[in-house]
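Following: one structure in structure tokens, then a few remarks.
The values are calculated or read from the model by the stated rules, or taken from the named source; none is laboratory data. Nothing here was measured: the structure is a model prediction, and the numbers come from that model. Virtual Cβ from ideal backbone geometry, glycine too; neighbours counted across all protein chains shown. Keep in mind that these areas ignore ligands, DNA and RNA; they rest on the heavy atoms of the full protein, side chains included. Shrake-Rupley method; radii C 1.70, N 1.55, O 1.52, S 1.80 Å.
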Amino acid sequence: KHCFTKSDDGYLYCETVKVQEIMESVDRRPFYLYSKPQITRNVEAYKDALQGLNSVIGYAIKANNNLKILEHLRHLGCGAVLVSGNELRLALRAGFDPTRCIFNGNGKILEDLIIAAQEDVFINIDSEFDLENIVAAARVVGKRVNVLLRINPDVDPQVHPYVATGNKNSKFGIRNEKLQWFLDAIKEHPNEVKLVGAHCHLGSTITKVDIFRDAAVIMINYIDQIRDQGFEVNYLNIGGGLGIDYYHSDAVLPTPRDLIDTVRELVLSRDLNLIIEPGRSLIANTCCLVNRVTGVKTNGSKNFVVIDGSMAELIRPSLYDAYQHIELVSPATADAEILTFDVVGPVCESADFLGKGRELPTPAKGAGLVVHDAGAYCMSMASTYNLKMRPPEYWVEDDGSVSKIRHGETFEDHIRFFEGL
Ligand code: LLP
């Protein structure tokens, strides 16, 4: 069951609510619209898949950092994956159990590591200097920190180069030739760090589970080597990265169950706890960006639908040439001509497009138009370019009521940065 459906008479629904009606009842556009029940269903799919394994679902906060959503994910039993001091603070604010949180990143700074050490968050070692800083943080707080080694397994995730991380020339993790150096260095600091596991993250939007299996085989081999040296490592963290069906096609993409099933036997064979770090596959399909059509124009051979949303609210198409499905929220009039449009925003950049070459009935001024699968890496990557202030967010609750879950930013918020200067 998916939250967004089109009725036979051409209206888009979010769960049981007409998106057109929500659009008319809120005071500002564009806005993000989520389904809370869909978030629950997505987490349940992972939980079902993980039955029979000791596991932690570490939700990658970078994908979407709405506090209300985080609280809901925590309530459903998720842990969290953090990549900055502020994501760490937010995870604590949302009530996540720190011992189910993992602090990741290739440039973690000492002051943030100190908070992580203080709170007993697991920390991934990414480099020589990172280990040095983790040891320093442990000394500051007088605690032994649970660490995992982020190993770069050199597996090609077959995705856009900007979202590939696990190949050997990437800036993330450590390569195998350095493994022994790290194990020796960790042995030298028994009071500061306790090695509890190994981590890898291959990249994002991965659509073949064999890729995860290849990585897991490599990682299990490392874990065997690490255990041979007397370390009691109990965690395998295979990162996040499972893709979703952005094209709304008939293609059958791997599910959380497919992902977990390909690594299950390996994990059980070594009696490991499995950590996974899903972002996109938990949250992307729970949301769309609801826009209003400002007008339609033609230049040369191109037709444009100009909407109020833009690359400022949703940058993935501009940044990665990503496809996100676009549709109108209400049926077009019978005489509306079906044409091929670029769907663009009002921002002063030719990179400001939400979709290219989309076949749509020519929309009327004011018509509602949604960009789907906007729950991950859309609001969290939004900017205020052209002073398009970040939009409000709403969700449809379990009972079908609609609630605001984040205020939109305003012009006054911008002016506040200059007060008292
Ligand atoms: N763990 C680590 C260490 C990561 O770097 C990431 C994402 C995740 C987990 C979550 O991956 P997911 O399950 O969401 O694929 N902005 C890009 C995606 C960047 C992903 C960065 N790392 C986009 O919009 O496609």
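Which is more than 19 Å from Lys187 (Cα to Cα), of a type in the set (Phe, Trp, Tyr), more than 13 Å from the ligand (Cβ to nearest atom) and surrounded by 14 or more Cβ atoms within 10 Å (Cβ to Cβ), of Phe96, Phe103?
Result: Phe96 is the single residue among Phe96, Phe103 that is more than 19 Å from Lys187 (Cα to Cα), of a type in the set (Phe, Trp, Tyr), more than 13 Å from the ligand (Cβ to nearest atom) and surrounded by 14 or more Cβ atoms within 10 Å (Cβ to Cβ).
Within 16 Å of the ligand (Cβ to nearest atom) and either in a strand (DSSP E or B) or open to solvent by less than 10 Å² (accessible area, probe 1.4 Å) (or both): does that describe Leu282?
Against the criterion (within 16 Å of the ligand (Cβ to nearest atom) and either in a strand (DSSP E or B) or open to solvent by less than 10 Å² (accessible area, probe 1.4 Å) (or both)), Leu282 qualifies.
Say we look at region 158-194 and pick out the residues that are touching a Lys or Arg at 6+ places or on another chain (Cβ under 9 Å) and open to solvent by less than 30 Å² (accessible area, probe 1.4 Å); which of these is nearest to the ligand (Cβ to nearest atom)?
Thr165
For Asp184, state whether it is among the charged types (D, E, K, R) and over 30 Å from Gln118 (Cβ atoms).
No.
Name the pairs: first residue in region 57-84 and closer than 19 Å to Tyr394 by Cβ, second residue in a loop (DSSP other than H, G, I, E, B) and within 12 Å of the ligand (Cβ to nearest atom), Cβ to Cβ under 7 Å, at least 6 apart or on different chains?
Ala63/Gly279; Ala63/Ala376; Ala63/Tyr377; Asn64/Gly375; Asn64/Ala376
Look at Thr410 and say whether it is more than 16 Å from the ligand (Cβ to nearest atom), free of Cβ contacts under 8 Å to residues at least 24 places away in the same chain, within 25 Å of Asn66 (Cβ to Cβ) and polar (S, T, N, Q).
On the way: more than 16 Å from the ligand (Cβ to nearest atom): yes; free of Cβ contacts under 8 Å to residues at least 24 places away in the same chain: yes; within 25 Å of Asn66 (Cβ to Cβ): yes; polar (S, T, N, Q): yes.
The answer is yes for Thr410.
Here are Val233, Val296, Val290, Val263: which of them is open to solvent by 50 Å² or more (accessible area, probe 1.4 Å) and either free of Cβ contacts under 8 Å to residues at least 40 places away in the same chain or more than 13 Å from the ligand (Cβ to nearest atom) (or both)? Break it down into steps so the answer makes sense when it comes.
Working: Val233 fails: open to solvent by 50 Å² or more (accessible area, probe 1.4 Å); Val290 fails: open to solvent by 50 Å² or more (accessible area, probe 1.4 Å); Val263 fails: open to solvent by 50 Å² or more (accessible area, probe 1.4 Å).
It is Val296.
Looking only at residues in region 387-421 that are among the aliphatic types (A, V, I, L, M) and assigned to a loop (DSSP other than H, G, I, E, B), which one is least open to solvent (accessible area, probe 1.4 Å)?
In this case the residue turns out to be Met389.
Say whether the condition of being within 30 Å of Pro254 (Cβ to Cβ), part of a helix (DSSP H, G or I), of a type in the set (Gly, Ala, Ser) and within 14 Å of the ligand (Cβ to nearest atom) is met by at least one residue in region 202-220.
So far as region 202-220 goes, yes, one or more of its residues are within 30 Å of Pro254 (Cβ to Cβ), part of a helix (DSSP H, G or I), of a type in the set (Gly, Ala, Ser) and within 14 Å of the ligand (Cβ to nearest atom).
Under the condition of being out of contact with any strand residue (DSSP E or B) (no Cβ under 8 Å at 6 or more places or on another chain) and part of a loop (DSSP other than H, G, I, E, B), which residue from region 17-38 is farthest from the ligand (Cβ to nearest atom)?
Ranking the candidates gives Asp27 first.
Of the residues Tyr46, Tyr13, Tyr32, which is of a type in the set (Phe, Trp, Tyr) and either surrounded by fewer than 15 Cβ atoms within 10 Å (Cβ to Cβ) or without any contact (Cβ under 8 Å) to a residue 24 or more places away in the chain (or both)?
Tyr13
Surrounded by fewer than 22 Cβ atoms within 10 Å (Cβ to Cβ), within 25 Å of the chain's Cα centre (by Cα) and assigned to a helix (DSSP H, G or I): is that true of Arg41 in this structure?
yes
Quick check, is Ile276 within 16 Å of the ligand (Cβ to nearest atom) and β-branched (Val, Ile, Thr)?
Against the criterion (within 16 Å of the ligand (Cβ to nearest atom) and β-branched (Val, Ile, Thr)), Ile276 qualifies.
Among Arg89, Arg139, which is the only one that is assigned to a helix (DSSP H, G or I), more than 16 Å from the ligand (Cβ to nearest atom), at pLDDT 95 or above and within 26 Å of Ala284 (Cβ to Cβ)?
Arg89
Just wondering, is there one or more residues in region 65-80 that are in contact with a Ser or Thr (Cβ under 8 Å, 6 or more places away or on another chain) and within 22 Å of Gly309 (Cα to Cα)?
Yes, region 65-80 contains at least one residue that is in contact with a Ser or Thr (Cβ under 8 Å, 6 or more places away or on another chain) and within 22 Å of Gly309 (Cα to Cα).
Quick check, is Lys208 of a type in the set (Lys, Arg) and closer than 30 Å to Ala322 by Cα?
yes
If you go through region 296-354 one residue at a time, how many are aromatic (Phe, Trp, Tyr) and in contact with a His (Cβ under 6 Å, 6 or more places away or on another chain)? Steps first, answer last, please.
Applying the first criterion (aromatic (Phe, Trp, Tyr)) to region 296-354 yields 304, 320, 323, 341, 353.
In the following step, the residues that additionally are in contact with a His (Cβ under 6 Å, 6 or more places away or on another chain) were identified as 320.
Adding up the residues that qualify gives 1.
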